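Just below is one structure, and these are the notes that go with it.
The values are calculated or read from the model by the stated rules, or taken from the named source; none is laboratory data. Remember, it's a predicted structure, so these values are computed and weren't measured experimentally. No Cβ is skipped: glycine too gets one built from the backbone with ideal geometry, and neighbour counts run over all protein chains shown. Only protein heavy atoms, including side chains, enter the accessible area calculation; ligands, DNA and RNA are left aside. Shrake-Rupley method; radii C 1.70, N 1.55, O 1.52, S 1.80 Å.
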Amino acid sequence: MNTRWQEAPTSALPLAYFAFAHVGLAAAFVVLLARPELPGGVFYQPRVIALVHLVTLVWLSGSILGAFHIVAPLALRLPLQVRAADWAWFAAFVMGAAGMISHFWLATYDGMAWSAGLVVGAIAHVANGAFAGLRRAPVPWPIKLHVYLAFVNVLAAALLGILIGLGRSRGFLPASPLRMTYAHAHLAAIGWAVMMVVGLAYRLIPMMVPAAMPAGRSLALSAIFMQTGVIIVVCSLVHDSRWLTAGALAILAGIVSFVVQIARCLSQRRPRPPALPRRDWSVWQAHAAIAWLVVAAALGMTLTFEVIDDARLPLIWWYGIAGLVGFLAQMVAAMQGRLVPLYAWYRATEARGGTLPVESANGLPSAALARIVFLCWTIGVPSLAWGLASQLRPVVVLAAVALLGGVATGGLHIWTMCRRAQAT
Ligand code: HEM
């Protein structure tokens with residue numbers, strides 16, 4: 001790795017974001033465990049929307065913001081110096097997200113919109129640092145394009161969310177709130193989370209496998225197709241237009257282009273570092289997440305066509321859980337399993353004044369803990385989709401227990417890796 005340790009991610013800020021993300025996701029599953037009847041088959045209700053934002057805002061977005069402070073210096077060659085202002089904006093993110101979720105729970109949308117202002121400020125602060133540094137960063141421009149678009153999309157999605165919130169309490173929305181909510185959800189989930197995961201994966205997957213770094217203008221295709229698709233989907237959802245299928249196909253084309261690029265890069269593998277475990281459970285989990293992406297894409301395409309009314313609601317539950325929990329939330333868990341060892345290794349190096357720790361970064365993960373995390377998510381995700389879609393409370397309880405186990409073990413795994421790095 002050619003990053004100088006002085007430029008490496010050595011602030012505790014990523015861990016603070018990860019800790020908050022773990023607390024938020026655990027809270028969502030504790031609520032489901034205590035109140036499995038809460039969704040009652042209806043996803044569009046304030047308390048479910050509060051739970052959805054524990055997953056999407058606290059877990060997904062919080063983890064992405066934390067991971068960005070690790071990935072930027074390591075994979076994008078963009079050192080992000082953490083100063084007091086970064087901690088202040090982290091505190092704003094925590095307060096804003098907590099405020100939003102409590103207000104969703106109470107269905108007080110004005111309060112939700114004010115709290116969202118803090119979240120927008122925190123995301124804009126990280127975006128500002130990223131935009132300033134990316135101009136000079138020596139990485140191919142198509143990778144930068146994914147990151148730029150991801151930040152623009154999340155800010156646009158957040159502003160749309162604030163507009164929906166204010167519109168619901170004051171009654172000025174130009175279209176049906178449900179349609180606007182679908183537009184917001186797709187802009188945030190695909191335009192932000194998927195776009196960022198895809199852009200960073202181009203750099204992270206070859207670093208971790210290891211394999212040759214993909215390069216060339218064709219890497220931009222995934223960003224261009226997905227962005228075009230997201231814009232068409234958002235406009236079609238708001239205006240109830242027939243272009244929806246075309247937008248969904250463009251997003252699919254972006255995902256296919258990404259998969260083709262990664263397959264090409266994996267065909268040019270480099271020798272494995274000796275300390276890398278034979279069976280890497282975090283990588284298996286990333287594969288499981290990609291399998292859920294395929295499921296979500298297939299269900300999403302199906303939903304763009306007329307589906308008989310009785311089947312539509314369960315299908316939407318399966319689609320939402322496959323995309324948000326099976327793919328995105330699980331990919332974040334997998335990504336933490338591979339990023340934290342690198343981060344812990346750099347922090348231990350800094351703590352020693354530049355002397356390398358005895359244990360290499362690849363020797364830090366615990367295969368036993370990573371396997372438990374993998375198994376918990378493997379049981380939890382399909383049970384959650386099945387339980388919510390079919391309104392089977394015991395299955396929802398099983399899912400909540402499994403996923404809570406996965407989140408708790410994931411948190412323990414992160415702590416273990418950091419401790420191990422400091423001790424060697
Ligand atoms: C500051 C940021 C955000 C704000 C202000 C916000 C606001 C909102 C609002 C107002 C709704 C509709 C509530 C209703 O009509 O009753 C909503 C729904 C939704 N949002 Fe967000 N949101 C934000 C971030 C995100 C992010 C980052 C994601 C995904 C990565 C996301 C995914 C969703 C989803 C999936 C729904 C639909 C939930 C359901 O119907 O059960 N949101 N959001």
Task: Number of the condition not met by ASN128 [criteria: (1) closer than 30 Å to PRO206 by Cβ; (2) touching a Phe, Trp or Tyr at 6+ places or on another chain (Cβ under 8 Å)] - done: (2)
Task: Conditions (1) out of contact with any helix residue (DSSP H, G or I) (no Cβ under 7 Å at 6 or more places or on another chain); (2) away from the ligand (no atom under 16 Å from the Cβ): number failed by LEU221 - done: (1)
- [ ] Mind listing whichever residues of the range 97-148 are under 15 Å from GLY199 (Cβ atoms) and in contact with a Ser or Thr (Cβ under 9 Å, 6 or more places away or on another chain)?
- [x] PRO142, HIS146
TODO: Scan the range 410-424 for residues that are of a type outside the set (D, E, K, R) and either open to solvent by 20 Å² or more (accessible area, probe 1.4 Å) or outside any helix (DSSP H, G or I) (or both) and report the count.
DONE: 8
Task: Flag if ARG203 is more than 10 Å from the ligand (Cβ to nearest atom) and over 24 Å from VAL294 (Cβ atoms) - done: no
Task: Yes/no for ALA322 being of a type in the set (Gly, Ala, Ser), within 22 Å of the chain's Cα centre (by Cα) and at pLDDT below 95 - done: no
- [ ] Quickly run through the range 259-308 and pick out the residues that are among the aromatic types (Phe, Trp, Tyr) and farther than 28 Å from GLY406 by Cα.
- [x] PHE305
Open item on the list: Of all residues being more than 8 Å from the ligand (Cβ to nearest atom) and either part of a helix (DSSP H, G or I) or of a type in the set (D, E, K, R) (or both) in the range 164-185, which is nearest to VAL42 (Cα to Cα)? Just the residue, please.
Closed with: ARG179
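Condition check ((1) without any contact (Cβ under 8 Å) to a residue 40 or more places away in the chain; (2) within 16 Å of LEU342 (Cβ to Cβ)) across all residues:
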| residue | (1), (2) |
| --- | --- |
| HIS22 | no, no |
| PHE29 | no, no |
| GLY41 | no, no |
| THR56 | no, no |
| PRO79 | no, yes |
| ALA98 | yes, no |
TODO: Would you please list the contacts, defined by Cβ atoms under 6 Å and residues six or more apart or on different chains, that run from a residue in the range 412-424 that is closer than 12 Å to PRO365 by Cβ to a residue that is modelled with pLDDT of 95 or more and open to solvent by 20 Å² or more (accessible area, probe 1.4 Å)?
DONE: HIS413/LEU369
- [ ] Please specify each residue of the range 165-214 satisfying the condition of being in contact with a Pro (Cβ under 6 Å, 6 or more places away or on another chain) and open to solvent by less than 40 Å² (accessible area, probe 1.4 Å).
- [x] TYR202
TODO: Would you check if VAL71 is in a helix (DSSP H, G or I), surrounded by fewer than 23 Cβ atoms within 10 Å (Cβ to Cβ) and touching a residue at least 40 places away in the same chain (Cβ under 8 Å)?
DONE: no
Task: Single unsatisfied condition, VAL139 versus (1) open to solvent by less than 40 Å² (accessible area, probe 1.4 Å); (2) over 26 Å from LEU244 (Cβ atoms); (3) within 14 Å of the ligand (Cβ to nearest atom) - done: (3)
- [ ] Among the residues of the range 111-143, count how many are in contact (Cβ under 8 Å) with a residue 60 or more places away in the chain and assigned to a helix (DSSP H, G or I).
- [x] 8
- [ ] Test TRP284 against the stated conditions and say whether it is in contact with a Phe, Trp or Tyr (Cβ under 6 Å, 6 or more places away or on another chain), touching a residue at least 60 places away in the same chain (Cβ under 8 Å) and surrounded by fewer than 21 Cβ atoms within 10 Å (Cβ to Cβ).
- [x] yes
